[in-house]
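Take a look at the structure below.
Read-outs: derived from the displayed coordinates by stated rules, not from any lab. Since the structure is predicted, the reported quantities are computational estimates derived from the model, not experimental observations. Reconstructed Cβ throughout: ideal geometry from the backbone, glycine too, with neighbour counts over all protein chains shown.
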Amino acid sequence: MVVHLEIDGHHYYYGNLKALTDHWSKDAIGVSYSYLKNLNISEDKPYRNDSCCIRRGIIVTSKKS
């Protein structure tokens, strides 16, 4: 799983919501970790506000040899 943040035309990727909110303050993204963790954010159901868009997705990697 990957968490995608789009803010000010830039794209950032995190391993989980906690990592995202540890890097960005509530003031910067307009939402807190405690609020985000209770939402069912997905690729088809992102969280949007006036500051950013946050969605979850799947990361595809190659098989380990």
Criterion first (assigned to a strand (DSSP E or B) and loosely packed, with under 14 Cβ neighbours inside 10 Å) does Tyr35 satisfy it? no
Extreme residue, farthest from the chain's Cα centre (by Cα), among residues of the range 1-34 that are under 20 Å from Ile59 (Cβ atoms) and among the acidic types (Asp, Glu): Asp22
Considering each of Leu20, Leu5 in turn, give the residue that is in a strand (DSSP E or B), surrounded by 14 or more Cβ atoms within 10 Å (Cβ to Cβ) and either of a type in the set (D, E, K, R) or touching a Leu at 6+ places or on another chain (Cβ under 9 Å) (or both). Leu5
Of the residues in the range 45-65 that are out of contact with any strand residue (DSSP E or B) (no Cβ under 8 Å at 6 or more places or on another chain) and among the hydroxyl-bearing types (Ser, Thr, Tyr), the one that is surrounded by the fewest Cβ atoms within 10 Å (Cβ to Cβ) is Ser65
Residue that is surrounded by the most Cβ atoms within 10 Å (Cβ to Cβ) [pool: residues in the range 23-32 that are among the aliphatic types (A, V, I, L, M) and part of a helix (DSSP H, G or I)]: Ile29
For His11, state whether it is in a strand (DSSP E or B), in contact (Cβ under 8 Å) with a residue 24 or more places away in the chain and on the phi < 0 side of the Ramachandran plot. no
